[in-house]
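Everything on this sheet refers to the single structure shown next.
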Amino acid sequence: MTLTASVTPPTKADRELLAFANSAEFAARDLYAVAASLAVFNDDERAMLVGFHDHHRAAGQSLAGIVGALATNVRSDAVYNAFRGRLQGTDKNAVLDALRELENTLASTHLSLVGELEGSEGAALVASILNIEARQSVALAILTGRGLDDALTNSAVALSPVVGS
Amino acid sequence: MSRFSRRDVLRLGGVSAAGILLAACGKQAGVEESKNVKSIGVMPETEGLSNVEVTDIVLLRTAASLEFNAIDTYDAAIGLGVFTGAFAAAGDIAKRLRDDHAGHANAINGLITELGGAPFTCGNPRLNEIYITPALALITDADNENPALDVVVLAHALENLAAQTYQGVVTLLSDRDLRRAAMGIGQDEARHAAVLAQALNPGIAGVLPSVDADTDKPNVAAVPGAFGPLTPISVTVGPVNADGTRNSLILETPSLNSLAYDDVACA
């Protein structure tokens, strides 16, 4: 019996892509912190938002672990600013919709990364994060009363990685 | 006086015993010789495994087989006629998810064909044998009080199994484009699992992990943690046994004994 090759570590180019993912995850973490602080949410909803915040933080930290010294460990302001303006007001569903779009955008971005990363170690980590963000998107769709298509379909465009020199 | 000392007697005795043992192990007239390890009686000849290789094609054929497992299970569930009343919506979800799996199977088999492999167009025989057939037997048992709920429980488990399988093969596939294609479907399976989790444990309380206060067992969660799990999946279905328990099956992602190798064919 011949088995497939063993897990391969990230290349230098992989590390730059994973560093981008690291900053995108920390942007999501900070966006959930903003959402959880809004008065419009009750305790149960806030607990869920804090849970998703913690998931993004864990994802960012794990990516930092695999990236090593290249990890900035700071949020991507581009990602943060793209969604921050929608996390306000008293329309609960509008805020949750923005977060669903954030989850779908990150899921599309991670899917794109899985196709670009050479080392399977980084690809596997990103794949495990992607599956959770897809689930978080579904939860947000259902909680806002959206239909099955909205829960199951991801039409968000992937972010373009901004990699260091 | 004896000519042998006690030590001589013991020494002769040992030599004799060894001789008898060696004779017993030797070839005997009229007795068919086994080709296996020397033993009492005749064992059947061993059949060696074919020299199989775990290639990208084999991994994709295995993924396709899981898609057909899911299609067959949803078809069986819909055929039971249990999706009525409170479970009518679950029936609509089941049809939608079955159609998604048919699309996935076509996509995966398209990739296999592009790679020069033979498409796999039936459920994984090993998973059928050890998971799905026993689970459906328990669900359709005449004493089972809630087959509709159990069907959703099984479907949820199979969606989790599929999501885990695609996530797991990312480290095994050698081609980056194939990894991406696999995870494109993998995230669909994760979404399916989340939808069914919400059907089983609806509302905000069913989103994150929690524990049943009465049983101390984990509740179904749409989002089970910060990272996609690759752990065995427990499924409890079927009627209540005499001792008050119900049967559980432990589902695991396909491994070396359940991959759809090139020489595995649909019956």
inquiry  = With angles folded into 0 to 90 degrees, how steeply does helix A:92-114 sit against the dominant principal axis of chain A? Use alpha carbons for both and round to 10.
reply    = 10 degrees
Reduced Cα scattering model of segment A:12-152, Debye log10 I(q)/I(0), q = 0.14 Å⁻¹ = -0.61
key: Kirkwood Rh and Cα Rg combined as Rg over Rh, evaluated for chain B   = 1.24
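So, by mean Cβ neighbours within 10 angstrom, what's the order for B:204-214, B:108-118 with the highest one leading?
Numbers: B:204-214: 14.5, B:108-118: 16.3.
Result, highest mean first: B:108-118, B:204-214.
For segment B:162-265, what number results from the quotient of the Cα radius of gyration and 2.2 N^0.38 Å?
Values: Rg = 16.7 Å, N = 104, 2.2 N^0.38 = 12.8 Å.
Compactness ratio reported: 1.30.
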Helical mean residue ellipticity (222 nm; -39500 (n - 2.57) per DSSP H run of 4+; nearest 500) of chain A = -22500 deg cm²/dmol
request  = For chain A, find the longest principal axis of its Cα atoms and tell me its angle to the long axis of helix A:12-36, 0 to 90°, nearest 10.
outcome  = 10 degrees
inquiry  = Averaged across B:241-251, how many Cβ atoms of other chains sit within 10 Å of each residue's Cβ atom?
reply    = 0
inquiry  = Give me the percent relative contact order of chain B, please, defined on Cα pairs under 8 angstrom at least 6 residues apart.
reply    = 21 percent
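Once you average over the residues of B:170-180, how many Cβ atoms of partner chains fall within 10 Å of each Cβ?
Working: counts 13, 12, 7, 3, 4, 1, 7, 3, 1, 10, 9.
Whole-number average of other-chain Cβ neighbours for B:170-180 is 6.
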task = Starting with the highest mean, order A:82-90, B:179-187, B:251-259 by the number of other Cβ atoms within 10 Å, averaged over the residues of each peptide.
result = B:179-187, B:251-259, A:82-90
task = Can you tell me which of B:120-130, A:143-153 comes out highest on packing, and rank the rest after it, using the mean Cβ neighbours within 10 Å?
result = B:120-130, A:143-153
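How well do other chains shield peptide B:214-222, expressed as the mean number of their Cβ atoms within 10 Å of each residue Cβ? Please list the in-between numbers first.
Values: counts 0, 0, 0, 0, 0, 0, 0, 2, 6.
Taking the mean over all residues of the peptide, I get 1.
Each value in this text was obtained by applying a stated rule to the coordinates, not by laboratory testing. Treat the numbers as computed from the prediction; the structure is a model and nothing was measured. Positions of Cβ are backbone-derived with ideal geometry, glycine not excepted, and every protein chain shown enters the neighbour counts.
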